Amino acid sequence: IEVPGLKDPHGMAVIGRTILMASTGTNEILAVDIDTGRTWKHWTFQETTDRDVLHLSSIALHDGRVLVSTHNSPRPGPDRAGCGCILDVATGESLVDGLERPHSLASIGGHLHFLNSSSGGIARLGEGGRIEAGPRIEGFTRGIALAGGRLLVGASSLRLHSRKQGVTTPNERTNEDWMTDRRYRSSIAVLDQVSFEVQRSIGFTLLAPELFDIAVLEAEPSPHVLLGDAEVLRSASQRHEIWMLRLRLERQHEHIGKLRAAIHRRRLHEKAIIRLVRFNGTTLSGVAFDPDRPDAAIHVRAAIDGRHVFYARSDLARADPSESEMRRPRFALQIPPSVLGRARHRIEIDVPDAASCEKVILELTSVPPARAGTSTVAELNGAA
């Protein structure tokens, strides 16, 4: 049956000869008459229908009331996310608040059962609206049914890919043993109906990464239905494995990129970089950069003729925005005029605290005191 206006369908319930469907994308419950095929809107969230606001997840009939579970609360507020609830669509009353992505409402044994999916929980409403919670079940719980006096609760594997956003989910971490990791395999937990005690767990292979619901069949299904299910399972398995392999590949590429960057950095910048910019007779100014400490101030040492040693501080605070080296820490080293005579001098400049630094050697004839303001550019050997 084609249902006009149905968008992103989730849960459904059969009440007599009517099928109720949760149109999650439009915040509505649509109804279909099984005999005539007629469709209509059974309930519409009064605020908006142009986007998924409540995220309706399941529908159930309990005590003559149509109930629906939502991931977000309908109460007014700037942010409804993270506050799931169970609503009576006729009255707007919230039976249970503060749930984490609830699913699978079911009226079993006169009690309303539901799954707190994000936390792997199962619960029911007891006498006086008291919530009776069961143990935590590993996985994303979704799907509940009663069979042979025992509760069957489905638990899906962690989702590796967001279908709405079209991206890989960031919270799953994989390793080389991911194919045997129980977090990536769905299962069905068998519980005692009264005590909620988990009696055993039925695990699935990678062919069934997610379970949406559990149904108890009164008769054997036709071969055609089973074939259709098999095709669905194969498709789901392929998507699951593709997402997982792509996630691992992305992380490997990221790791390889970091290794390449580190190797490139060691190859090109294994030594501290020094470049002399200007010497005006009393002040040596230039750039000194240690790749091991790119943002930290470093000390530059100048040894004159092997007898006099002076230090200067090189940091980004001295960087000149007008020059191309504006992101390189600059330094200015003051040399007392008394150190420099009229003879030739040899000045060795390096970064003593660097792991490795090739010295920059400057040979010059001292500038006479009368010409102390004259600027000269020094030529360096091996300057970077």
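The values are calculated or read from the model by the stated rules, or taken from the named source; none is laboratory data. Treat the numbers as computed from the prediction; the structure is a model and nothing was measured. Here Cβ is always computed from backbone atoms with ideal geometry, including for glycine, and neighbour counts include all displayed protein chains. SASA here: full protein model, heavy atoms, side chains in, ligands and nucleic acids out. Shrake-Rupley method; radii C 1.70, N 1.55, O 1.52, S 1.80 Å.
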Using label points projected 7 Å from each Cα along Cα→Cβ, tell me how many nm separate residue 292 and residue 201, to one decimal. 4.9 nm
Please give the net charge around residue 112, taking every other residue with its beta carbon less than 14 angstrom from that of residue 112, where Lys and Arg add +1 and Asp and Glu add -1. -2
Over the range 274-365, average the accessible area per residue using a 1.4 Å probe and give it in Å², no decimals. 53 Å²
Give the long-range amide H neighbours of residue 357: residues separated by 5 or more places, or on another chain, with amide H under 5 Å away, using H modelled in the peptide plane at 1.01 Å from N. 272
By how many nm would the segment from residue 311 to residue 90 grow when fully extended, if each residue of separation counts as 0.36 nm and the alpha-carbon distance is taken off? 71.4 nm
Would you mind working out the accessible area per residue for the range 114-163, using a 1.4 Å probe, and quoting it in Å²? 40 Å²
Output ³J(HN,Hα) for the range 119-129: one whole-Hz value per residue in order, computed from phi by the Karplus curve 6.51 cos²θ - 1.76 cosθ + 1.60 with θ = phi - 60°, and x for Gly and Pro. 9, x, x, 10, 8, 8, 8, x, 5, x, x
Work out the FRET efficiency for residue 131 and residue 50 from their Cβ-Cβ distance, taking R0 = 41 Å, and round it to the nearest 0.05. 0.75
Residue 97 and residue 365 label points (each 7 Å along its Cα→Cβ direction) are spaced in nm at 9.0 nm
Which of the GluC sites (Glu not before Pro) found in the range 1-50 are in a DSSP loop and have at most 12 neighbouring Cβ atoms, other than their own, within 10 Å? 2, 47
Cα gyration tensor category, rounded, prolate or oblate, for the range 1-132 with a/c compared to 1.5: oblate
Scan around residue 319 for amide H atoms under 5 Å from its own, H built in the peptide plane at 1.01 Å from N, and keep only partners 5 or more places away or cross-chain. 330
Which net charge results when you count Lys and Arg as +1 and Asp and Glu as -1 among the other residues whose beta-carbon is under 12 Å from that of residue 144? +2
